[in-house]
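Shown next, in structure tokens, is the structure this report addresses.
The values are calculated or read from the model by the stated rules, or taken from the named source; none is laboratory data. Owing to the predicted nature of the structure, the values given are computational and were not obtained by experimental measurement. Methodologically, a virtual Cβ is constructed for each residue, glycine included, from the backbone with ideal geometry; neighbour enumeration extends over all protein chains shown.
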Amino acid sequence: MRTDPGNKSTTAEFEKALNRTGDGQYVLRLYLTGSTIRSNRAVTAIKILCERYLKGRYDLEIVDLRQHPDRADAAQIFALPTLVKVLPLPSRRLVGDLTDPDRVLIALDLKPAKK
Amino acid sequence: MKTGSENIMEQADGTPTLELAKAPTGIHGLDELTGGGLPKGRPTLLCGSAGCGKTLIAMEFLVRGATEYGEPGVFMAFEERTEELASNFASLGHDLNALVAQKKLMLNFVHIEPSEIEETGEYDLEGLFIRLGHAIDSIGAKRVVLDTIEALFSGLNDTAILRAELRRLFRWLKDKGVTAIITGERGETTFTRHGLEEYVADCVILLDHRVAENMATRRLRIVKYRGSNHGTSEYPFLIDAGGVSIRTITSMGLKHIASTERVSSGVPRLDAMMGGQGYYRASSVLVSGTAGSGKTSLAAHFAAAAVARGERCLWLAFEESASQIIRNMRSIGIDLEPAVTQGLLRFQAERPTTSGMEMHLVSVRMHVKEFQPRVVVIDPVTNLISLGSLAEIRSLLIRLIDFLKMQQITALFTSLTTDGTCLGATDAGVSSLMDTWLLLRDLESGAEHNRGLHLLKSRGMAHSNQVREFLLTNQGVELRDVYLGPSGAMLMGSARDALEAQEKAAELVREQLTEGKQRELERKRQAMEARIRVLRAEYEVEQAEILKGIGQDQSLADELAGDRIEMGKRREADATATPQTPAPDGK
């Protein structure tokens, strides 16, 4: 984790600052292979979620690793499909076909984590 | 070594069998153990607990493959970053970055950060396949290492998916035809924590790192090797600056050539005890003795003799430092220092406890390979014995002796015995491996210690069975015959000196007596000759007188005869005799 749990006030300020500078802008990358059923499911799911929760403030790139195998190393991908939340920080990796909307929203900080 | 895909071999009964193709690892010992290497084109599971050398063996397999067998390799690391790998292996003498630059090696770090990962549905490991496939294709890799793929289990929770995907991965590796090593962490009851052995069925190698008597030894065991014979025991292996090597007793065998050449022990009298020529070349010599009995001195003579012959000598000292040995040997007139500076003698001094037993064997091998000595001194071998059980020591020494014999190196081992009269169990256990066994005994008599040297055995040569007194003098080791006292007891030291003095005195007396007698004889001879001279003088005088007398008588007779002729003439007698008789010359 990139936060410092030992100093809560600083952590809060840091996150506030991040939200200000980023203006809540999301940078997402979805890595997948070709047009498998699983890939298609993931693409559909993320598009719906983005339109519903992040309309106008997201940048989604879909990367087919069959076409760009070299990008897998740089992005440290091993499971597919993987959605990487590049911004806002902290970065997250959502492994799977994104068919569990609750988990996806929590991972993207669009919904508070369950108690 | 087989590098083809599959070789068809005829068995003894004539039925052709498919001999498994093998990819040599190039790791010393492992190829002997596996009969040529790992199953080619198949995955091998290498499992063991943390720190037992999995990564190292796997990397060695790739590096040797790339440098020695022309097979590029991909190292996919799940635990260490590529920079860390490169720096770790630089200390073992492998320049991974250079191999990477030459496209002989590809390092690929798969970073799994569990805290960043959220599972949101179904997935597969296609990303890993793509990366691995890309890496393999980019350098034409023939070998692959996955270290440690079980790290995936820490990042992903759906074990059902992971298991299915791993099964697919191993099948895919086989289809790719790459020889792969998959490492796995040792589990509680299974070989690997997540049961990888279920998927990798061809070859399973288990590593172990055990601590016994405060010494850690790494061991390797081939649990399974489908379709191939393999060594089944646990074999110790080592990791040092030269890489990994696995020692097996069977890896050497009794194939060394016995030399008939002799090398001097450095002590002429000792050489004389062994038929006048010394030890056989490439034989092993054990010198046992109690503390301070002169084992090191004997070794120093041997080393000095080797150096004098212009041969290189390696001295492995486990008790004294090099300078201490040099100083001490100077006190008995052996100066080893010039040989050290000339580079003919090398001391390798270290406490045996600084490293495990196997490490010593490897360090000996390393020094021998590098220094190429003809003579090796190990002083004392008993200190190694403190490192393990007798069985382990025997196995170590067997391998050490075999190794030295193969290199045609003559080795002298010193061994410390606790009691001069009875031999230590270790000696008895070790001595059967030795060709020549010298025993230095402390013999106590007349309230003093003296040293005695026995030649207990010396294979393949006539040798003296007599005890010699062993003296350390300013000129080095000296062997002397042992005096036998009147009671048959051996006399040594001052008792021997006393006896010698006694004998000398008696000798002197005898000499004096003889001289007196000779003088007496001379005198008698002279007296006799004087008498002879007197008698001869008297005789000569008498002879002269007698001869004179004879002469007078003759002339008288002549005269008388002349008178008779005259008388006859005068009487006109024609005496017949007279004219024939010549007239004697009157004197």
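Taken over the stretch B:130-146, the criterion of being away from chain A (no Cβ under 14 Å) and within 26 Å of B:Arg193 (Cβ to Cβ) is satisfied by B:Arg143, B:Val144, B:Val145. The residue that is modelled with the lowest pLDDT, counting only those in the stretch B:28-76 that are in contact with a Cys (Cβ under 9 Å, 6 or more places away or on another chain) and part of a loop (DSSP other than H, G, I, E, B), is B:Thr34. Among the residues making up the stretch B:308-325, those that are of a type outside the set (Ser, Thr, Tyr) and either at pLDDT below 90 or out of contact with any helix residue (DSSP H, G or I) (no Cβ under 8 Å at 6 or more places or on another chain) (or both) are B:Ala308, B:Arg309, B:Gly310, B:Glu311, B:Leu316, B:Ala317, B:Phe318, B:Glu319, B:Glu320, B:Ala322, B:Gln324, B:Ile325.
Does B:Leu125 qualify as being within 19 Å of A:Thr82 (Cβ to Cβ), modelled with pLDDT of 85 or more and more than 8 Å from every other protein chain (Cβ to nearest Cβ)? For B:Leu125, the condition - within 19 Å of A:Thr82 (Cβ to Cβ), modelled with pLDDT of 85 or more and more than 8 Å from every other protein chain (Cβ to nearest Cβ) - is not met. For the stretch A:55-87, residues that are within 9 Å of chain B (Cβ to nearest Cβ) and over 23 Å from B:Ala151 (Cβ atoms) total 1. When A:Pro90 is tested against (1) crowded, with 17+ Cβ neighbours inside 10 Å; (2) facing chain B (nearest Cβ under 9 Å); (3) not β-branched (Val, Ile, Thr), exactly one condition is not met: (1).
Each residue in the stretch B:181-204 was checked for being in a strand (DSSP E or B), of a type outside the set (Gly, Ala, Ser) and in contact with a helix residue (DSSP H, G or I) (Cβ under 8 Å, 6 or more places away or on another chain), and 4 pass. Under the condition of being modelled with pLDDT of 90 or more and among the small types (Gly, Ala, Ser), which residue from the stretch B:157-185 is farthest from the chain's Cα centre (by Cα)? Only one residue fits best here, namely B:Gly177. Being part of a helix (DSSP H, G or I), touching a residue at least 12 places away in the same chain (Cβ under 8 Å) and more than 17 Å from A:Leu83 (Cβ to Cβ) is true for just one of B:Leu99, B:Leu107, B:Leu146. Which residue is that? Exactly one residue qualifies, and that residue is B:Leu99. Checking the stretch B:349-356 against the condition returns a match, with at least one residue being at pLDDT 80 or above, of a type in the set (A, V, I, L, M) and surrounded by fewer than 21 Cβ atoms within 10 Å (Cβ to Cβ).
On the given criteria, is B:Val100 closer than 26 Å to B:Ile27 by Cα, within 14 Å of chain A (Cβ to nearest Cβ) and not polar (S, T, N, Q)? Yes, satisfied. Scanning the stretch A:65-115 for residues that are in contact with a strand residue (DSSP E or B) (Cβ under 8 Å, 6 or more places away or on another chain), of a type in the set (Val, Ile, Thr) and not in a helix (DSSP H, G or I) returns A:Ile77, A:Thr82, A:Val84, A:Val86, A:Val95. Among the residues of this structure, B:Glu79 counts as one that is within 14 Å of chain A (Cβ to nearest Cβ), part of a loop (DSSP other than H, G, I, E, B) and on the phi < 0 side of the Ramachandran plot.
How about the stretch A:93-113: which of its residues are within 13 Å of B:Thr120 (Cα to Cα) and either more than 7 Å from chain B (Cβ to nearest Cβ) or surrounded by fewer than 16 Cβ atoms within 10 Å (Cβ to Cβ) (or both)? Walk me through how you get there before you give the answer.
Going through the stretch A:93-113, the residues within 13 Å of B:Thr120 (Cα to Cα) turn out to be A:93-108.
A:Thr99, A:Pro101, A:Asp102, A:Leu105, A:Ile106, A:Leu108, listed by residue number.
Applying the set (1) in a helix (DSSP H, G or I); (2) modelled with pLDDT of 85 or more; (3) within 18 Å of B:Phe413 (Cβ to Cβ) to B:His360 leaves exactly one unmet item: (2).
To keep it simple, each residue is scored yes or no on (1) among the hydroxyl-bearing types (Ser, Thr, Tyr); (2) under 15 Å from the mean Cα position of the chain (by Cα); (3) modelled with pLDDT under 80.
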residue	(1), (2), (3)
A:Ser9	yes, no, yes
A:Leu18	no, no, yes
A:Leu49	no, yes, no
A:Asp100	no, yes, no
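Filter the stretch A:30-47 down to the residues that are more than 10 Å from every other protein chain (Cβ to nearest Cβ), surrounded by fewer than 18 Cβ atoms within 10 Å (Cβ to Cβ) and either under 16 Å from A:Pro90 (Cβ atoms) or modelled with pLDDT of 80 or more (or both) and list them by number. Selection gives A:Asn40, A:Thr44, A:Lys47.
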